[in-house]
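None of the figures in this text is laboratory data; all of them are computed from the coordinates on show. Please read all numbers here as calculations on a predicted model, not as lab measurements. Backbone-built Cβ (ideal geometry, glycine too); neighbour counts: all protein chains shown.
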Amino acid sequence: MSHRGWFLMFLGAAVVAGCGGGTTQASPNPLTTVAARPLPSAQMSQWLSFDAASKTAAFTIVANAQGNDNSFNFNGYTHGALVITVPKGWNVTVHCSDDPAAAYAHSCTVVSGLESKTPAFPGASLPDPTGSGFVAAGESKAFTFTPDSPFVGRFACLLIGHEAAGMWATFQVTSGSQPSLGTKL
Ligand SMILES: [Cu+2]
């Protein structure tokens, strides 16, 4: 087949794929749990406390943490590298804190994916996370929610441009027995 023939075949395939939309194309299972390596215990205990008997967990998520050239980080991590794992049905409190030396204000929300601006679970956000709900440098605000179904999504800052700059962590709800903080494998 000529070079031109191959090109036309490729073009045709691209058009077919483009017309398929989301209805016919298989997408990866969104509930595939993200594998993570637990953070060192010193960091883990600094940012996570929990009680298995009462099924409660408290995370401290530090926005714009120092030590990373990218201000748009949570606890020093960007682009989903930090993995927050919570067992289904637990009561989760998030202390959304902006580093005292932060360059910018930030906000915290659990969302289902990129571009989503609404909390994935009732209460899983600071109020008004795209507007007045931010935390300024040195400030901390908390919210509490109970994720009741398996989930793999994002913990993101919804201020304009921040998520696109990398300001999101992976957030997942699993059937595991305890919460954890880790880094994506
Ligand atoms: Cu931000």
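Just a few scattered comments:
- Fraction of alpha-carbon pairs over 23 Å apart in region 41-184 - percent: 24
- Estimated distance in nm for a label pair at GLU139 and SER177, the labels positioned 7 Å out from Cα along Cα-to-Cβ: 4.1
- Listing SER45, SER71 from fewest to most neighbouring C-beta atoms within 10 Å gives SER45, SER71.
- Low-density loop cleavage sites - trypsin sites (Lys or Arg not before Pro) in region 36-125, where at most 14 other Cβ are within 10 Å (DSSP): LYS117
- Estimated translational D of region 109-185 in µm²/s (Stokes, Kirkwood radius over Cα pairs; 10 °C; 1.306 mPa s): 119
- Whole-angstrom gap from region 29-55 to region 75-105, using each part's C-alpha centre: 11
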